[in-house]
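Single-structure report; data block below.
The values are calculated or read from the model by the stated rules, or taken from the named source; none is laboratory data. Source: prediction; values computed, not measured. FYI the Cβ positions are ideal-geometry reconstructions off the backbone, even for glycines, and counts take in every protein chain you see. Heads up: the accessible areas ignore ligands, DNA and RNA and are worked out on the full protein's heavy atoms, side chains in. Shrake-Rupley method; radii C 1.70, N 1.55, O 1.52, S 1.80 Å.
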Amino acid sequence: PTGQEGQAAPPRAKKPCGPSDCIVPNYIDVREAQRTAVVHFPAVLTDADLSDLFRYYRAALDTGDPLDTNPQNRQHHRKRCVFLHGTAAPDGGLIRHAPRVLAKLLRAAVEAKDGGWGRPAALADIDVRGLNIRIAELWEYEPGGGLVDDFHYDAGSIVTIVCLACDRSDFTGGAFRTLEVSGEQLEHRMEKGDVLCLLSHKYHNITPVESGRRKTLVLELWQGGLSGWC
């Protein structure tokens, strides 16, 4: 998730999309995305996987201040994001240093598509194996940090993958929720190593962390190719 909050106060929630901006070419109708389900995979990443993840994460931190390597962190409120993929990620990123972690998350996305997200027509014309990694980010939230926009979605991506990378007892608050068509804020409780897969255009948010530190690995997929992974 790439929403931003100002330092002084949480942002005002956007209004739901209107008829003119609900259709994203080559992706999915935003309104249709709201009718899909989040798919929960328990215990996808093991302690060994997370050790590989954080070994590379620490190496990435050693290459530069996150305020410099990701200038958006200057606008983030009580949270920070470190890039682990692409040109901004040092020394080849997770593809080089934790390929097993990426492979497990990408396989979960393929399984979620095969399960139909609760609506078999969702992404019917898109082969998830034909997508590419857009971002891989490690997010850390401290007390007061959250994603408090009820209508946030990951514009331009197709599938979003979220993994809890710390013990659930490490923090309070910080619940991952989706705004359902009924108006309900549906909480998706996660334990360490659990993975959530959702259509990127489904509204999602994170309640402010109340204590401790919440750490998540987030991937977004868009058009490209995953055939070597799955």
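In table form, for the structure just shown:
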quantity: Within the chain, longest stretch clear of exposed GluC sites (Glu not before Pro) (DSSP loop, no more than 15 other Cβ within 10 Å); calculated: 1-179
quantity: ³J(HN,Hα), Karplus 6.51/-1.76/1.60, whole Hz, each residue of segment 130-144, x for Gly, Pro; calculated: x, 9, 10, 6, 7, 9, 9, 9, 9, 9, 10, 10, 10, x, x
quantity: Three-way shape call for segment 138-230 based on the alpha-carbon gyration tensor, with the a/c threshold at 1.5; calculated: oblate
quantity: Apportionment of accessible area to carbon and sulfur, the chain, percent (1.4 Å); calculated: 49
quantity: Pairs from 192/215; 113/215; 113/202; 104/192 whose Cα-Cα separation, in the structure shown, is over 20 Å; calculated: 113/215
quantity: Sum of -39500 (n - 2.57) over DSSP H runs of 4+, divided by residues of the chain (222 nm, nearest 500); calculated: -5500 deg cm²/dmol
quantity: Euclidean distance between Cα centres, segment 90-107 to segment 41-64, Å; calculated: 10
quantity: Label-point separation in nm, residue 211 to residue 43, each point 7 Å along Cα→Cβ; calculated: 2.8
quantity: The chain: translational diffusion in µm²/s, Stokes-Einstein, Kirkwood Rh over Cα pairs, 37 °C, 0.692 mPa s; calculated: 184
quantity: Prolate/oblate/rounded call for segment 107-161, Cα gyration tensor, a/c under 1.5 rounded; calculated: prolate
